[in-house]
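Report on the following structure.
Every read-out reported here was derived from the displayed coordinates using simple, explicitly stated rules and does not represent laboratory data. Values in this document were obtained by computation on a predicted structure and should not be read as measured data. So basically every Cβ, Gly included, is an ideal-geometry build from the backbone, and we count neighbours across all protein chains shown.
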There are 2 protein chains.
Amino acid sequence: MHTIKEFLLKPVFYDTWTNVEVKGWVASNRGNKKIRFLEINDGSTIKNLQVVFKGEEFDFELLDSLKPGSAIVISGTLNATPNAPQPIEMNATKLHSFRKSDDDYPIQNQEIKLETLREVPHFRHRTNILRAVMLIRSTLAQEIHKYFIYKNFYYMNSPIITSNDGEGAGETFIVSDKNTNDPFFGVGNKSTLGVTGQLHGESYANGFKNIYTFGPTFRAERSNTKRHLAEFWMIEPEMAFYDLFQTIELSQDLLKVVIRNTIAQHPFEFEYLDKISNSTLLNRLNLFLDSNLKIIDYKDALKELEKVKDTFEEKNIHFGLDLSSEHEKYLTDVLYKSPVVIINFPKSFKAFYMHQNDDGQTVAAFDLLVPGIGELIGGSQRETDYNKLVTRINELGINQEELQWYLDLRRFGHMQSSGFGIGFERLVMYATGIDNIRDVIPYPRTNGNIRM
Amino acid sequence: MHTIKEFLLKPVFYDTWTNVEVKGWVASNRGNKKIRFLEINDGSTIKNLQVVFKGEEFDFELLDSLKPGSAIVISGTLNATPNAPQPIEMNATKLHSFRKSDDDYPIQNQEIKLETLREVPHFRHRTNILRAVMLIRSTLAQEIHKYFIYKNFYYMNSPIITSNDGEGAGETFIVSDKNTNDPFFGVGNKSTLGVTGQLHGESYANGFKNIYTFGPTFRAERSNTKRHLAEFWMIEPEMAFYDLFQTIELSQDLLKVVIRNTIAQHPFEFEYLDKISNSTLLNRLNLFLDSNLKIIDYKDALKELEKVKDTFEEKNIHFGLDLSSEHEKYLTDVLYKSPVVIINFPKSFKAFYMHQNDDGQTVAAFDLLVPGIGELIGGSQRETDYNKLVTRINELGINQEELQWYLDLRRFGHMQSSGFGIGFERLVMYATGIDNIRDVIPYPRTNGNIRM
């Protein structure tokens, strides 16, 4: 069955096309008792198909009663309308079936505020803006799978409930069942929701070489920002034998291919979102697609920040500084006006598993920062040396016993491995220009909110 | 970079090929101080590449010390060996780098029992059997995405943490953080791990028309069987405007396309698993691929079971009987010797949201049963009538308030919608012939077990 998107993108293929069936929902309904114009949306694009009802065979009282939101199945003739605003329209020949929407349909008005729409996550994807964002979300996810399939990457399902807390940092959710006396996963076993699939992913990279995860991850952080969720999706590729720079190169290629292919599939949605952004969205994305990713050493980034330190709240630019968003914003939005990769961070604020550089101070890590959002990707070459890892774990006060299985990976054929994590919702924000992360995931979960 | 799988599948393309680089892990190492044969596996297939080291440039003492599990990077010349058991082998010209495996490598012996391997989930994918199973698992998942991409299905991420318990049946896991006085998701809000993504999926089908989820789902059931996990992955397509039979047809097409494409991509793995199964696996799969799915009404299934009731433990075959595995097994393994779809079950043991048939007794549901495993897919046409749904919810004692958002979907343009759920691990079991579900997921979670 063809979609309205296909009809609109290929009007050149037909002058008239009879007996076409359309199934969808009424977006608007106007006219009188002799002719009615129904705009129908089938979810394939934000654009609607105009369907004209004319003639004695139709019950105009019934047609009048099909309010926005009503479901409908129609047959008709598709006609090219080269002189009209829309390239095609349909002349209805038969109304097969319908299902009326109640009068209090929550999406009567396409101008509802995003905050208000968050109250109705089960209906908000029927607005233009959320429909556009969610269509792009789905395509981004599917393009990510396609990218890795093409590159022969193994798709790995890391466990969700885990006895490891991964980064050794950040708050985790606890998983239990009703029986508090007899823990489901055994006495003395921790059971939390994973904050990352990386550690388990590394075990599969050691054997399948190039792997990726794509699944939900969790943080029990009680902060309410526009960029954080308690539940979000991550893509975490892990490549045995890769070094830091091969990994950065992969992350760049992945982003560019995925974003380029997604734009190509959603002309109407990007046109719409670009308009909302005052024509900044597509410029920004194209600038990224057409230029080489800027890679800068952490120490050199400090030098750039030092030059303009008076413009920051945190003016003490020094080695060991964990860049805050004002610093990142300066680099991406002002200095380079494009995504920036910073490499070789001080080990003091990075995770224990990152490869320790020869200087004894820094690790082979990278952050990929994008304008308007900040960190989109974080990655590193992993430390291969068993003893260095044990020393670092002890320095940080992490329980070695819990991570012994991970350390053991280094004992049996671990030459060099690297990987990164993409916060999927941040990628959707970057690609759509939406500035609140609650509006790029179907049912957002944050501190105090678990609607439906 | 080419994989060993590609070399082995296309030996006809070259007689010799110089300067080929291979990165992988030593599977076996034999020879003497003048010539050594290393079998290398790179994770692309269960088959290894034989690499021959000969000549003065090599340190044979070092080569001898590269025990199984060691990582290695080699360059060499690839030669077709039409008269040897393996179609090609490599003559090493350079050993670039290596990383030795410790002597207590847990995968010394490929004959270790599956139970024993469950103790080392971080290494067991380096055995032939787990490598075969996990390669097929990844390809099945990727083929499922490809199928839905091709069919223009929207990929929906249903929430994992939810305040709905979905089926209104089965035990759920509770999610909390450390602060027990001040619940993370708000006072009075339930927060559990989802047992299904369907209800949320239905909201997106009403707007995007054809959607699918593919994500983890959870059951806190304290039973230890070969077919149940506490954490497993589900694929749940939901199609607005579809009826029961279109949905069954989609499930059949999906299974056939995905299994056929997966078999085509893994000749070595299926050959190996077929041998283990005494040549029953491929016969069974091909029989399914080549025949039309048998669809039988629940009442007719009862008649068939009645004929042989004396062979069952449960001999009381009556309307209202929830078929147990002995009954299912008779239908799939004995009577039809193929997957079977049973439709129109008594509503008494099915979920509240299923479409109530005109007989007042049955619902428009289907179970797809496969030989050796039982239920692989369960689905239904959903009830569209708001009042029937409310009545059923109250009959079952389900809290209406919690599900009001779901009921509201019926009020705003819900004509007809259907969907099904595939237990992904059961699909992997069916496709590989593996009979314990713990062996088809990387890190299995069951009652009492949360290893790593």
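Projecting 7 Å from Cα along the Cα-to-Cβ direction, the label point of B:Lys337 sits 7.3 nm from its equivalents in the other copies, listed shortest first. Near B:Asn152: Cβ cut-off under 10 Å, other residues only, Lys/Arg at +1 and Asp/Glu at -1. The net charge is +2. Inter-copy label distances for B:Pro87: 4.5 nm (label point placed 7 Å from Cα along Cα→Cβ; shortest first). For the stretch A:215-296, the Cβ-based charge dipole about the Cα centre amounts to some 380 debye (Lys, Arg positive; Asp, Glu negative; other atoms uncharged). Counting only DSSP H runs of at least 4 residues, each contributing -39500 (n - 2.57), and dividing by the residue count of chain B, the helix-based mean residue ellipticity at 222 nm comes to -8500 deg cm²/dmol.
Computed from the C-beta positions of A:Arg411 and B:Asn278 and an R0 of 22 Å, the FRET efficiency is 0.05 to the nearest 0.05. Annotation: amide H of A:Ser158 within the under-5 Å range of A:Phe214, sequence separation 5 or more or interchain, hydrogens built in the peptide plane.
Hey, with R₀ at 25 Å, roughly what FRET efficiency would A:Asn83 and A:Arg30 work out to, going by the Cβ-Cβ distance, to 0.05?
Approximately 0.80, to the nearest 0.05.
Subtracting the Cα-Cα distance of B:Lys54 and B:Phe37 from their residue separation scaled by 0.36 nm leaves 5.2 nm. Quick check: the distance between the Cα centres of the stretch A:282-328 and the stretch B:67-124, to the nearest angstrom? Spelled out, the Cα-based centre of one part sits 45 Å from the other.
Assign unit charges at the C-beta atoms only (+1 for Lys and Arg, -1 for Asp and Glu), then state the dipole size of the stretch B:4-105 relative to its Cα centre in Debye, rounded to the nearest 20.
Around 160 debye, computed over the stretch B:4-105.
Averaged over the residues of A:182-191, the number of partner chain Cβ atoms lying within 10 Å of the residue Cβ comes to 4. Long hydrophobic helices in chain A: the complete DSSP H runs spanning 24 Å or more by Cα along their own axis with mean Kyte-Doolittle hydropathy of at least 0.0 are A:128-150, A:244-265. What's the local net charge at B:Lys209, with K and R +1, D and E -1, over the other residues with C-beta under 9 Å away? Here the count lands on 0.
Once both labels are positioned 7 Å from their Cα atoms along Cα-to-Cβ, the gap between A:His318 and A:Glu249 label points is 3.8 nm.
Computed from backbone phi with θ = phi - 60° and the Karplus coefficients 6.51, -1.76 and 1.60, the 3J(HN,Hα) list for the stretch B:312-321 is 9, 5, 8, 8, 7, 7, 8, 4, x, 6 Hz; x is used for glycine and proline.
Backbone phi angles across the stretch B:361-370, fed through the Karplus curve with coefficients 6.51, -1.76 and 1.60 (θ = phi - 60°), yield HN-Hα couplings of 10, 10, 10, 7, 10, 9, 10, 9, 9, 10 Hz in residue order; Gly and Pro are listed as x. The residue among B:Leu38, B:Ala431, A:Gly374 whose Cα reaches farthest toward the positive pole of the charge dipole of the protein assembly as shown, with charges on the beta-carbon of Lys, Arg, Asp and Glu, is B:Leu38.
When DSSP beta bridges are restricted to pairs lying wholly in chain A, around 90% turn out antiparallel. Rounded to the nearest 20 debye, the dipole size of chain A about its Cα centre is 940 debye, using +1 on the Cβ of Lys and Arg and -1 on the Cβ of Asp and Glu.
Considering only alpha-carbon pairs that sit under 8 angstrom and 6 or more positions apart, the relative contact order computed for the stretch B:4-105 is 30 percent. In chain A, the beta carbon lying closest to the axis that superposes A onto B belongs to the residue given here with its whole-angstrom distance, A:His145, 2. Taking amide H positions as modeled 1.01 Å from N, with prolines and chain starts lacking one, the residues under 5 Å from B:Ser97 and 5 or more places away or on another chain are B:Val73.
Starting from the label point of B:Lys151 at 7 Å along Cα→Cβ, the same points in the other copies fall at 2.8 nm, in ascending order.
With a Förster radius of 60 Å applied to the beta-carbon distance between A:Lys151 and A:Asn109, the computed FRET efficiency rounds to 0.85. Here A:Lys33 is the anchor, and the aspartates and glutamates within straight C-alpha reach of less than 13 Å, apart from those fewer than 8 places off in the same chain, are A:Glu56, A:Glu57, A:Asp59, A:Glu61, A:Asp64.
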